[in-house]
1. Relative to the first principal axis of the alpha-carbon coordinates of the chain, what is the inclination of helix 372-395, with its axis defined by its Cα atoms, in degrees from 0 to 90 and to the nearest 10?
2. Report the dimensions of the stretch 7-58 along its three principal axes from the alpha-carbon atoms, largest first, rounded to Å.
3. Before rounding to the nearest 500, sum -39500 (n - 2.57) across all DSSP H runs of length at least 4 in the chain and divide by the residue total; then give [θ] at 222 nm in deg cm²/dmol.
4. For the pair K113 and E31, how long in nm is the line joining their label points, each one 7 Å along Cα→Cβ?
5. Which of rounded, prolate or oblate describes the stretch 264-317 when judged by the alpha-carbon gyration tensor and an a/c cut-off of 1.5?
6. Taking 20 °C and 1.002 mPa s as the conditions, I'd like the Stokes-Einstein D for the stretch 194-339 in µm²/s, using the Kirkwood hydrodynamic radius from alpha carbon pairs.
7. With only Lys, Arg, Asp and Glu charged, each at its Cβ (+1 for the first two, -1 for the last two), find how big the charge dipole of the chain is about the Cα centre; round to the nearest 20 debye.
8. Any idea what the alpha-carbon Rg over 2.2 N^0.38 Å comes to for the stretch 50-146?
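Bear in mind these aren't lab numbers, they're just calculated from the coordinates by the rules spelled out. Quick caveat, the model's predicted, so the values are computed rather than measured. A quick note on method: Cβ atoms are made from the backbone with ideal geometry, for glycine too, and the neighbour counts reach across all protein chains shown.
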Amino acid sequence: MDFLNDTKLCTGCGACANICSHGAIVMKENEKGFLKPVIDVAKCKHCGLCEKICPVINFKSENFASPKVFAFINQKENERMISSSGGVFPVFADYILKQGGIVFGAVYDSEMKVCHTSADNSNQIKKMQGSKYVQSDTKYTYRETKSALESGRYVLYTGTPCQIAGLKSYLRHDYENLLTIDLICHGVPSRKVFEMYKKELLEENKDSGKILEINMRDKNYGWGYKSTETVKTTNSTYHTSADNNVYHNVFLSNLSINDSCLGCKFNKIPRTGDITMGDFWGVDDFDGIVNDQKGVSVVLLNSSKGKEYFERINSLQSVFAKELPLDFVIKYNTNLVASSKPHRKREKFFKDVIKGKKTLRALKKKYLTPKKRILKRLFKTIGELLKKTVKKVLSV
Ligand SMILES: Cc1cc2nc3c(=O)[nH]c(=O)nc-3n(C[C@H](O)[C@H](O)[C@H](O)COP(=O)(O)OP(=O)(O)OC[C@H]3O[C@@H](n4cnc5c(N)ncnc54)[C@H](O)[C@@H]3O)c2cc1C
Ligand code: SF4
Ligand code: SF4
Ligand code: SF4
């Protein structure tokens with residue numbers, strides 16, 4: 001990765017590993033647990049292709065500067081309940097499958113690690129539904145996408161904005177039969193931190209079984225920013241609210257997200273995908289849409305192709321869509337246009353993760369418990385304010 005001056009900028013999209021036909025690049029987890037390319041200099045032929053297609057260096061989106069935005073609800077309740085927000089993804093995925101196409105998205109593999117894979121039937125699509133808040137390994141799905149496109153098949157590729165930029169850079173030109181959908185992205189947590197979490201979850205519950213399923217946004221307990229996570233093992237089922245879940249705590253406080261997410265080049269408009277999907281967090285303050293706690297999405301139409309597909313989808317009876325002002329959506333979901341701010345102790349947190357001596361729960365306690373000193377000062381200030389108010393009232 002010599003061509004990226006600052007390795008912290010590398011998103012781990014995998015475009016360079018996909019393009020190198022000499023097998024000189026492999027994606028490996030660094031000590032923090034993020035995928036980064038490793039170059040085998042003995043195999044490298046110095047063709048410069050990996051540098052040329054790296055989206056951090058060379059990507060420029062040609063998409064709309066002022067996309068139309070819609071609130072979106074998939075009316076097929078069983079589909080929406082498996083999805084994390086309003087169930088946008090399965091509607092577009094079904095449409096592509098009906099054209100004989102193929103869909104790429106993120107799944108848990110047999111070891112409960114997150115990676116991108118392809119689907120050509122509805123059972124495989126179900127595995128892609130649900131947000132997996134961890135960096136996904138795109139593996140060689142860019143190569144697979146190219147060969148599907150060149151064989152004339154319709155392809156839907158979904159992922160984070162940097163993964164869509166990676167795919168487009170790898171392909172180097174647009175294909176009529178390719179539709180891309182990016183996510184509004186808070187950032188991706190470390191794969192190493194995710195491994196710590198899974199291991200500790202079993203240990204804390206004295207569960208000698210195997211994790212079978214993780215639903216990070218279980219909507220049977222409502223839909224919201226602070227939702228419920230359900231984990232099924234061979235022995236038991238565990239539910240925790242995001243508020244009380246160490247993994248979500250360190251993710252949402254920006255301790256565990258990738259270096260590249262802190263100054264992200266892709267969380268902005270124009271977006272990288274033809275369509276963007278995310279949660280409609282402002283729904284409670286918006287007249288005309290009822291929050292039934294089962295999820296509402298926002299959809300941005302970023303290109304002519306995105307608009308065209310949306311019009312076809314919108315004519316289906318199983319879809320509810322209503323146009324929204326873009327500013328309103330951004331107000332409640334700033335990651336649409338800006339990076340998450342780093343936690344001030346993020347580097348120290350990762351030093352501890354690398355040392356491997358403390359559990360994730362201990363690290364959460366160390367970095368996310370307000371210090372006694374701060375609390376003391378706060379109580380003192382409140383006490384003084386109270387005293388002043390009482391004095392004022394008595395003197396009247
Ligand atoms: C790491 C991450 C951060 C996010 N941050 C925000 C945010 O700040 N604000 C917001 O509004 N929405 C965010 N989202 C998007 C949101 O959680 C939903 O995924 C989105 O609204 C689509 O919902 P759905 O119901 O249509 O999709 P679902 O039917 O639930 O389908 C999930 C889709 O997400 C893809 N996906 C799941 N996990 C990953 C992953 N790890 N990497 C790449 N793709 C993945 C799947 O391939 C599939 O296309 C984030 C998602 C992820 C994965
Ligand atoms: S310069 Fe060419 S051969 Fe060397 S790693 Fe990059 S793509 Fe592979
Ligand atoms: S192509 Fe992607 S993985 Fe490779 S260096 Fe650039 S950002 Fe990193
Ligand atoms: S915040 Fe940016 S760099 Fe991080 S995963 Fe999302 S799109 Fe990629």
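1. Taking the Cα atoms of the chain, the angle to 372-395 is about 50 degrees.
2. Dimensions of the stretch 7-58 along the principal axes of its Cα atoms: 29, 24, 15 Å.
3. Result for the chain: -10000 deg cm²/dmol, rounded to the nearest 500.
4. In this crude label model, K113 to E31 measures out at 2.0 nm.
5. Since a/c reaches 1.5 but b/c is at least a/b, the shape of the stretch 264-317 is classed as oblate.
6. 120
7. In total the dipole reaches around 2400 debye.
8. Normalised by 2.2 N^0.38 Å, the Cα Rg of the stretch 50-146 equals 1.24.
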